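*Asks:* Dumping the structure here so I can ask a few things about it.
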Amino acid sequence: MPTMHHMMISILAACFVCRRAANRADTARPPAGICRQTVVVLSVAASVLLPGCAPQREADALKSELNDMADEIRRRYAPDARDEVFDIRITDRGDRMAVTGATTVAEARTELRRRIRDAYGDAVADSITLLPAEATTAEARYGVVNVSVADARTGADYAGEMATQLLLGAPVQVLQHDGWWRIRSAEGYVAWMEGGSFVRMSEAAFDRWTAAAKVIFTDMYGFAREEADERSAPVSDLVFGNLLKYEGETGAYYRVSYPDGRTACVAKSRSSLFDEWLSAVRPTEEGVVAKARTLRGIPYSWGGASTKAVDCSGFTKTVYLMHGVVLRRDASQQAETGIPVDISGGYDPLRPGDLMFFGRKAHDGKRDRIRHTAIYAGDGEFIHAGSGYVRSSSLRPSSSNYDSLNTREFIRAVRIIGAGEDDGIIRLDRHPMYRIPDSAVSQ
């Protein structure tokens, strides 16, 4: 058996010959025979000097197989991380491989566990949590947003990308706790929220909150006051769509309370009883366009979904919320709802209030890539959040506000008005997390 000294000399000699051949001006690469010699020498040396290589290769191969298995199941059951959670990690514990993580899809967890058991038996341990996680949500499976506008992010800290925003009074389902709280919003969007921005509730407390009469703030921006007086100190700021619990009335003010128990007064001129407001609003072509125009000039902000700031789909979502309708969060999700409008022959089929989508058409077996959305206003005009703020643009080259890029990339449209309800369109009064009780206050 060669000594350590001889093996090292052989390795160095082979490397020297190979390097020299590679550096010859008339040789672009070392002769094949020399390369093979080097590989053989190195392989023999590795078998003597690194006896742990084979087990490590086997562990790496197993880890790769498990990752492929998990990815296949993710594509089948949870292809969109905005809708479902499927966070699976493969780790080497030394004695055996472990599959850990969490998912909201029971079928995905069941299949992954079965396939691991069938293929590897006890050689692979699994510890996959089904969300909502029983250990962290048993006493507080629901929550209600407690600030005027709450940020929700893709990760469990402030470094996470902004995903969306939720409004005061908005209900959420609590899924998981990991420093921050992973939640599912009323429109089905999964994201992470900092604990101070919402109040966690047991199912009984949440039912009481949901059943209580509410006041909705209907102005663009304002304040709730400590007393029924405009000069009184503010309790918090408010934006359109904020919901507070109705506690009574004092003159020109509603007395209200927050999810955390704070009390305040809100001017009736800037708010309404929620059930009365909801019974009076319906999306119409004229109404949707009129509300969209009231948001012109509002700043663009990625993830924004309030009258403080919006992104493109946050804008369309906010406008339809002003008519009592909850839309999906992102443009690519909104594009899959409603009634398709055929624009292949031109823009004549478009009606005011239709949602327009921009991006790249399907090609090479890939689906449409939606990057932007807008609300059609009629006569070739559309209103959208982009280029700094909400603005009006035109599909017509002769117009001063002609938008050549979006006109060129206008690929799809859908109609929300008259579409009825589906998974992506639902009225607040029929949403189980916003249900309006028969006992709601009406005056």
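The values are calculated or read from the model by the stated rules, or taken from the named source; none is laboratory data. All values reported here derive from a predicted model rather than from experimental measurement. Positions of Cβ are generated from backbone atoms using ideal geometry, with glycine treated the same way; all protein chains shown enter the neighbour counts. What goes into the accessible areas is simple: the full protein's heavy atoms, side chains included, and nothing from ligands, DNA or RNA. Shrake-Rupley method; radii C 1.70, N 1.55, O 1.52, S 1.80 Å.
*Asks:* Cα atoms only: what Rg and Dmax, in Å, come out for segment 243-330?
*Replies:* Both quantities, over Cα of segment 243-330: 15.0, 41 Å.
*Asks:* Now, a different point. Less than 27 Å apart at the alpha-carbon level, and either on another chain or at least 8 residues along: which lysines does that give for K366?
*Replies:* Qualifying lysines at Cα under 27 Å: K317.
*Asks:* Something else: Determine which aspartates and glutamates satisfy two conditions relative to K268: a Cα distance under 17 Å, and not lying fewer than 8 residues away in the same chain.
*Replies:* By straight Cα distance, K268 reaches D219, E226, E227, D229, E230, D237, E247, E249, E276.
*Asks:* Let me ask something else about it. Can you give me the % of accessible surface on segment 320-381 that is carbon or sulfur? Probe 1.4 Å, all protein chains present, nothing else counted.
*Replies:* Working: 1290 of 2850 Å².
With neighbouring chains kept in place, the figure for segment 320-381 is 45 percent.
*Asks:* Explain nothing, just the number: dipole magnitude of segment 245-361 about its Cα centre with +1 on each Lys and Arg Cβ and -1 on each Asp and Glu Cβ, in debye rounded to the nearest 20.
*Replies:* 360 debye
*Asks:* Ok, one more. What ranking, highest mean first, results for peptides 145-153, 243-251, 120-128 when packing means the other Cβ atoms within 10 Å averaged over each residue?
*Replies:* 145-153, 243-251, 120-128
*Asks:* Per the Kirkwood formula on distinct C-alpha pairs, the Rh of segment 94-177 is how many angstrom?
*Replies:* This gives a value of 15.4 Å.
*Asks:* I've got another one for you. Rounded to the nearest whole Å², what accessible area per residue is found for segment 143-217 with the 1.4 Å probe?
*Replies:* So segment 143-217 comes to 32 Å² accessible per residue, rounded to a whole number.
*Asks:* May I pose another question? Using the beta-carbon distance between A280 and S232 and R0 = 30 Å, what value does 1/(1 + (r/R0)^6) give for FRET efficiency, to the nearest 0.05?
*Replies:* That gives a FRET efficiency of 0.55.
*Asks:* Per residue, how much accessible surface does segment 288-340 expose to a 1.4 Å probe? Answer in Å², no decimals.
*Replies:* Here the per-residue accessible area is 31 Å².
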